Amino acid sequence: MRPNDSKSAGTSRRAVLAGMTATAATALASNQALAKDLVVGFIYVGAKDDYGYNQAHAEAAAILKKMPGVKVVEEEKVPETDDVSKTMESMIKLDGASLVFPTSFGYFDPYMLKMAAKYPKVEFRHCGGLWQKDKHPANTGSYFGYIGMGQYLNGIAAAHATKSKKLGFIAAKPIPQVLININSFALGAKSVDPSITTKVIFTGEWSMPVKEAEATNSLADQGIDVVTCHVDGPKVIMETAERRGIFACGYHADQAKLAPKGYLTGAEWNWITVYKQFIADAQAGKPLPNFVRGGLTDKFVKMSPYGPGLNAAGRKAVDAAKAEILKGGFAVFKGPLKDNKGNIVVPAGKSYPETAVELESQNYLVEGVLGSIS
Amino acid sequence: MIDTVALAMLGGSLRVSTPFLFVSLGECLTEKAGRINLGNEGVLVLGAMVAYATSYETGNPWAGIAAAAIAGLLLGGLHGAICSLTRVNDVAMGIALMLAGTGTAFFFGKPYVQPSAPLLPGIPLGFWSDSPQLRNALNVCPLFFLGLLAAFVMHWGFRSTRMGLRIRIVGDSQDAALALGLPINRTRLFATAAGSALAGIGGAFLSLYYPGSWNEGLSSGQGLMAVALVVFARWNPINCIYASLLFGAAGALGPSLQTVGVTWGYYLFYAAPYVVTLTVLILTARGGTALRGMPGQLSIGR
Amino acid sequence: MSADATYPLRRSLEAVFAPLLALLGALVLFSVFLVGLGQSPEDFFELVWDGAFGSWFSMQNTLQRAAPLLLTALCVAIPGQLGLVIIGGEAAVVLGGLAATVCALPFVNTSPILVLAVMAVTGTAAGALWIGISGWLRAKRGVNETIASLVLAYIGLALFNHLVEGVLRDPASLNKPSTCGIGDANMLDTVPWLEIHPGLPVGLLACIGCWIFIYRTTTGFASRVTGGNIRAARLQGLPVSKLILLACAIGGGCAGLAGAIEVAAEYGRANASLNAGYGYTGILIAFLARFNPLTVIPMAVLLGGLGAAGGLLQRRMGLPDATVQVLQGMIFIAILASDTLYGRFQWFQPRAAA
């Protein structure tokens, strides 16, 4: 098998050389000149400019690129297969990366864990995974933001904008991270007016523009007049909502430009806070933290500036709720709370602040959400 | 509840069917001349990108449509020209073209993912109704009517013009075409290029009307499915209209069922258009014999 | 002795010469494309070399990517020998992986050998069954197999997602819905010393096995006759329907096995990662290889290598990920168009005895 492979490789090598005059590779030289720099690898599951999840990370990476002593290497559209192991390994071996940020959930287990065991001197920090001290290697870790609070504020804004008292949520898949957002959005709206309902549509895919546009249209046809979402790239949803003349709350990144009339506000990631902290520790030679979480208070998450769709009363209400959250100790999920099948999911007297681990395995839709997860 | 779903399916079929209509008409034209072009998926994606970029740069969406048609014409012409060479397999070349078309579109389309280009305006056919839902469902893209027109022109052309007859003879029997001294390769080149121009317009619909945005996930296989729709339509342009509308309506079933509370099994409902297609194919197939209406020289029909 | 003793050698040379010339042409064309964009072709090809073949790590990366593609290419190549174009291998991969995982679950506490054997058999069977449907529809109902397999691929993927995110979901798989796992103890290890994907030796054996089947057995010969002319085959009394079913089942079985191996070697459970496009890339490889199971091997390595180099191109030259796709497209068009070169060079043709 080996001779066969090297033969085919050899022929293409010769073809390559025949097609050009071989000179010293300038691309390689640039790598060696930077031996002192901290090389940081970023891996994205989708396109860097998706107006959504991946763009939020890439925007932070772009800021890091300008920092002295830091070299950023990036790769986009890496699938959640063994390809990502090879990408990490290639960044480590060929680019000299000593800190790697695989930013998609599915990269964690088994790919990142395998690579971490193979390269104990390289630090791996993963976005969204649940790092556990007794289970996972010490050179790995995870970070994530409590963006549910942002969706709660989105819900308050939506409640002030809606006339039909019907809101819509377009979601990819019924997984805990998504369910927290749907429920927070619905609870935010209900905190203003308990009669408000939130209709949820699952598209089944993280990125499927035609289906997302269809979902937005079906929601608008039902008289729903505010939508928000949890898919990788919300661009099409925002644009379709704007064309239908309904309001929209953003998610992942600032989408105000896409819906100049109907944008209310949005829940955005602010990853630069997290990345700067990791880089500072790495440059100072300090051990990197393994489990990092933060919300609005910690500036891991931020809100888009208010759009023209949100009236003064709405702005005041969102400001007030935000001030309350920033004081600390605020809990969206507090008892008594029923799911939409009538079961008590949070008993009276009990409350889960955003940091509660219980929320990371949420498997219900709260009362007032129309839809089901199975 | 039923009427809600019905309305959603009507709106959905008017919104979603247009790209299927254009690509299936284009494929129909190509196949009538005895060639198959699986590369129309690549043409569709390239058309979408070129249309969006041109509309953004010139500020005129109609210029975008023209550019998409030209891009399709060129890519289709390439397919037609290469397949004119002896021994070159048109099915394989179509797959290569699909790869090249999408690759080129993604490569040059990067700078146009973020900007917002001017889109095509819809024709408000629902102005008489008080229902905003119906008004929206009947806000129809001018390209849809252009597609209908193209279907009727093609239907008439195949039956009643010299050119149409020539295409049909070349597609049905190479021997007859040779005997009559018809330029086989030139006819097929024309049919492939023109067919791909139509597919390019189908792509322009995606980026300039619905969903009206350019990104790499824009096409979900519309160009490939069109090949199936042509078989479904028995190589008849008028039937292409029905096939596309039916396919579009079935595609709207998934989201609209969820809005009315049917939340179980959404993956299966999303697959409804494919199940419908397969069922029709099975029901209309004649065991062992060639399909009625199929051009005799088609490489997939042996 | 015949005066033209070197003809068989020249004929094989012709089969290598035409695609190589095409490859060279595509690379020159792509270099022009790069220069037009202000990029350096030297850097580009140096990086492709480094990323794909330049070191043992790069070779591993390439072979890793090629491994599943060997089997999915066979899913197209074997039916291709009968003149069938099957493009629905993706569904056979995911359903094979799913069936293998689910059927292995009752055995996870027995022995790894048993678990792996169950997975291999059930994964293969599921893939064979799924592509077999397309073959059956073609043979018995006259439904075009290309379109049937395409539509069935969409349906199969929907079914897979429905099951993995529904009844077969492990409730503990929180943010990435998956089935229950087969357990670390039962997983396939990499090939000792070489540290490469265990699917690679399996894929190579499958390619060799399929080559023997196609070119060295009577059934294989009958299949090629059918592929050459289906009407003539019927007239000769060949069991065309049975051959179609057999070829589709073998091809689908290979793709299903690829899914089972991915689960056993990589994920340990079935989830959306299985739907990674291996089935679609397999189509390209099979066509490049002209459905010859042995030629599949270098073509899979070529595509695996381009995939492996893609990341380096993004990181070092700032080129978009679609660059590799553009290059692949050019190579494909050139190699497929080079079919027309056969028989056009006098030197390769048989020479009359003087």
Handout entry: Check on B:Gly11, open to solvent by less than 10 Å² (accessible area, probe 1.4 Å), at pLDDT 95 or above and under 27 Å from A:Lys211 (Cα atoms)
Key = no
Exercise for the section: Using the structure shown, decide if A:Leu38 is facing another protein chain (nearest Cβ under 7 Å) and at pLDDT 50 or above. Expected result: no
Completion exercise
By residue number, the members of the range B:46-64 that are touching a Leu at 6+ places or on another chain (Cβ under 8 Å) and open to solvent by less than 10 Å² (accessible area, probe 1.4 Å) are B:Ala48, B:Ala51, B:Tyr52, B:Ser55, B:Gly64
Problem - Residue selected from the range A:72-82 under the condition farther than 17 Å from A:Ala116 by Cβ and facing chain C (nearest Cβ under 7 Å), by the criterion surrounded by the fewest Cβ atoms within 10 Å (Cβ to Cβ) - result: A:Pro79
Practice task
Kindly provide the set of residues from the range C:307-329 that are at the interface with chain B (Cβ under 7 Å from one of its Cβ atoms) and closer than 29 Å to B:Ala81 by Cα, ordered by number.
Solution key: C:Ala322, C:Thr323, C:Gln325, C:Val326, C:Gln328, C:Gly329
Problem - Qualifying residues in the range C:223-277 (those that are open to solvent by 10 Å² or more (accessible area, probe 1.4 Å) and in contact with a strand residue (DSSP E or B) (Cβ under 8 Å, 6 or more places away or on another chain)) - the one farthest from the other protein chains (Cβ to nearest Cβ) - result: C:Arg269
Practice task
Taking the options C:Ala126, C:Ala73, C:Ala91, C:Ala67, name whichever one is surrounded by 24 or more Cβ atoms within 10 Å (Cβ to Cβ) and more than 25 Å from C:Trp211 (Cβ to Cβ).
Solution key: C:Ala91
Exercise for the section: For C:Thr179, indicate whether it is open to solvent by 20 Å² or more (accessible area, probe 1.4 Å), more than 8 Å from chain B (Cβ to nearest Cβ) and hydroxyl-bearing (Ser, Thr, Tyr). Expected result: no
Practice task
Output the qualifying pairs, or none if there are none: Cβ atoms under 6 angstrom, residues six or more apart or on different chains, first residue in the range A:207-236 and more than 8 Å from chain B (Cβ to nearest Cβ) and surrounded by fewer than 24 Cβ atoms within 10 Å (Cβ to Cβ), second residue of a type in the set (A, V, I, L, M) and not in a helix (DSSP H, G or I).
Solution key: A:Asp225/A:Ile246
Handout entry: Residue identified as part of a helix (DSSP H, G or I) and touching a residue at least 12 places away in the same chain (Cβ under 8 Å) among C:Ile155, C:Ile147, C:Ile182, C:Ile212
Key = C:Ile155
Practice task
Select from the range A:54-70 the residues that are within 13 Å of chain C (Cβ to nearest Cβ) and surrounded by 20 or more Cβ atoms within 10 Å (Cβ to Cβ) and write down the one among them that is farthest from the chain's Cα centre (by Cα).
Solution key: A:Ala61
Handout entry: Residue under evaluation A:Ala241, criteria (1) open to solvent by less than 10 Å² (accessible area, probe 1.4 Å); (2) closer than 21 Å to A:Glu354 by Cα; (3) at pLDDT 95 or above, criterion not met
Key = (2)
Exercise for the section: Looking only at the range B:45-68, decide whether some residue is within 14 Å of chain C (Cβ to nearest Cβ), within 30 Å of C:Ala334 (Cα to Cα), under 16 Å from the mean Cα position of the chain (by Cα) and of a type in the set (Val, Ile, Thr). Expected result: yes
Handout entry: Selection from the range C:190-200 of residues that are more than 10 Å from C:Ala264 (Cβ to Cβ) and in contact with a helix residue (DSSP H, G or I) (Cβ under 9 Å, 6 or more places away or on another chain)
Key = C:Thr190, C:Val191, C:Leu194, C:Glu195, C:Ile196, C:His197, C:Leu200
Handout entry: Flag for B:Gly39 being within 18 Å of the chain's Cα centre (by Cα) and within 14 Å of chain C (Cβ to nearest Cβ)
Key = yes
Practice task
Assess whether A:Lys286 counts as being more than 25 Å from the chain's Cα centre (by Cα) and modelled with pLDDT of 95 or more.
Solution key: no
Exercise for the section: Would you please name the residue that is nearest to C:Glu145 (Cα to Cα), looking only at residues in the range B:79-96 that are within 7 Å of another protein chain (Cβ to nearest Cβ) and part of a helix (DSSP H, G or I)? Expected result: B:Val91
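Yes/no per residue for (1) within 10 Å of another protein chain (Cβ to nearest Cβ); (2) modelled with pLDDT of 95 or more:
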{"position": "C:Gly38", "(1), (2)": "no, no"}
{"position": "C:Val48", "(1), (2)": "yes, no"}
{"position": "C:Val93", "(1), (2)": "no, yes"}
{"position": "C:Ala117", "(1), (2)": "no, yes"}
{"position": "C:Ala125", "(1), (2)": "no, yes"}
{"position": "C:Ala139", "(1), (2)": "yes, no"}
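Every residue, every condition in (1) out of contact with any Cys (no Cβ under 7 Å at 6 or more places or on another chain); (2) not aliphatic (A, V, I, L, M), yes or no:
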| position | (1), (2) |
| --- | --- |
| C:Gln39 | yes, yes |
| C:Asp43 | yes, yes |
| C:Glu46 | yes, yes |
| C:Trp49 | yes, yes |
| C:Ser55 | yes, yes |
| C:Ser58 | yes, yes |
| C:Leu71 | no, no |
| C:Leu74 | no, no |
| C:Val85 | yes, no |
Fill in the blank from the handout: Within the range C:159-174, the count of residues that are free of Cβ contacts under 8 Å to residues at least 24 places away in the same chain and open to solvent by less than 10 Å² (accessible area, probe 1.4 Å) comes to 0
Fill in the blank from the handout: Restricted to the range C:28-45 and to residues being under 24 Å from C:Leu288 (Cβ atoms) and free of Cβ contacts under 8 Å to residues at least 24 places away in the same chain, the residue surrounded by the fewest Cβ atoms within 10 Å (Cβ to Cβ) is C:Val32
Practice task
Identify all residues within the range B:102-137 that are closer than 21 Å to B:Pro61 by Cβ, open to solvent by 40 Å² or more (accessible area, probe 1.4 Å) and not in a loop (DSSP other than H, G, I, E, B); write none if there are none.
Solution key: B:Phe108, B:Pro111, B:Tyr112, B:Ile123, B:Pro124
Practice task
Would you mind stating whether B:Gly72 is facing another protein chain (nearest Cβ under 9 Å) and open to solvent by less than 10 Å² (accessible area, probe 1.4 Å)?
Solution key: no
Completion exercise
Of the residues in the range A:271-309, those that are out of contact with any Leu (no Cβ under 8 Å at 6 or more places or on another chain), more than 24 Å from A:Val357 (Cα to Cα), part of a loop (DSSP other than H, G, I, E, B) and open to solvent by less than 80 Å² (accessible area, probe 1.4 Å) come to A:Ala284, A:Gly285, A:Ser304
Exercise for the section: Please work out if A:Ala259 is within 11 Å of chain B (Cβ to nearest Cβ) and either more than 21 Å from the chain's Cα centre (by Cα) or under 22 Å from A:Val301 (Cα atoms) (or both). Expected result: yes
Practice task
May I ask you to list the residues in the range B:27-67 that are in a helix (DSSP H, G or I) and closer than 12 Å to B:Leu224 by Cα?
Solution key: B:Glu27, B:Asn40, B:Glu41, B:Gly42, B:Val43, B:Leu44, B:Val45
Fill in the blank from the handout: Of the residues in the range A:179-198, those that are among the charged types (D, E, K, R) and either out of contact with any helix residue (DSSP H, G or I) (no Cβ under 6 Å at 6 or more places or on another chain) or part of a helix (DSSP H, G or I) (or both) come to A:Lys190
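The values are calculated or read from the model by the stated rules, or taken from the named source; none is laboratory data. Keep in mind it's a predicted model, so treat the numbers as computed, not measured. Backbone-built Cβ (ideal geometry, glycine too); neighbour counts: all protein chains shown. Side chains included, ligands, DNA and RNA excluded: accessible areas come from the protein's heavy atoms. Shrake-Rupley method; radii C 1.70, N 1.55, O 1.52, S 1.80 Å.
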